[in-house]
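Right, one structure below, let's go through it.
Bear in mind these aren't lab numbers, they're just calculated from the coordinates by the rules spelled out. Since the model is a prediction, treat every value here as computed from it, not as a measurement. All Cβ positions, glycine included, derive from the backbone under ideal geometry; neighbour counts span all protein chains shown.
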Amino acid sequence: MPTLLTRAMTGEEARTVAAWSYPAPFDLYDVDPDDTALFTDRDDAGHGYYPALDQHGAVVAFCVLGPEARVRGQHPHEHGLDVGLGVRPDLVSRGLASELLPQVATLARDLFGPVQLRTAVATFNERSLALCRKAGFVAVRDFTGPAGRTFRELVRPLDR
């Protein structure tokens, strides 16, 4: 099982994640390989990216907490925390995200104490939508996001 760490990504981990490339239409989640600062920067509150490592110390996933997890088209969420999760392309659909979601919820609760978590998933991404529903997220609205794609906003109360 991967372990979600409470520290920021290292430069090497950021370069690895920035190089991940997903097949279409999931390439919407690709980033510029030169934009490693995206993964290593943190705001003063600690919002940003957190690496998940396998038993050998290799980064296999990450979560992002706070404003950086917000998809263009979403408004700030007053009582909740925006979250996102990314999995290495060759490990998608192998249960890794399901294993990590409880760790993400615990990390979010321990670091930021929100009332609820909020995420946004492209509506074509049925596997991520199913994962979110299974984890207790409920759809609240659809909106137009990056590249004119429709995204679904979902929320989940956070146990305290």
How large is the charge dipole for the chain, taken about the Cα centre, if only the Cβ atoms of Lys, Arg (+1) and Asp, Glu (-1) carry charge, to the nearest 20 debye?
660
Once the dipole of the range 3-157 is set up from charges on Cβ (+1 Lys and Arg, -1 Asp and Glu), the residue from the list T36, M9, L96 lying farthest towards its positive end is L96
Show log10 I(q)/I(0) for the range 3-157 at q = 0.09, 0.14, 0.16, 0.21 Å⁻¹, two decimals, from a solvent-free Debye sum over equal Cα scatterers.
-0.25, -0.65, -0.88, -1.69
Mind giving me the FRET efficiency for A24 and D90? R0 is 22 Å, r the Cβ-Cβ distance, nearest 0.05 is fine.
0.85
In a solvent-free Debye calculation with one equal scatterer on each Cα, what is log10 I(q)/I(0) for the range 6-84 at q = 0.15, 0.23 Å⁻¹, listed in the order of the q values?
-0.56, -1.18
Mind sorting M9, M1 by how few other Cβ atoms lie within 10 Å of their own Cβ, fewest first?
M1, M9
Report the one residue of P114, A45, W20 whose Cα lies farthest in the direction of the positive end of the charge dipole of the chain (charges on C-beta: Lys and Arg +1, Asp and Glu -1; origin at the Cα centre).
P114
Give the whole-number value, in cubic angstrom per residue, of the convex hull volume spanned by the C-alpha atoms of the range 68-160.
100
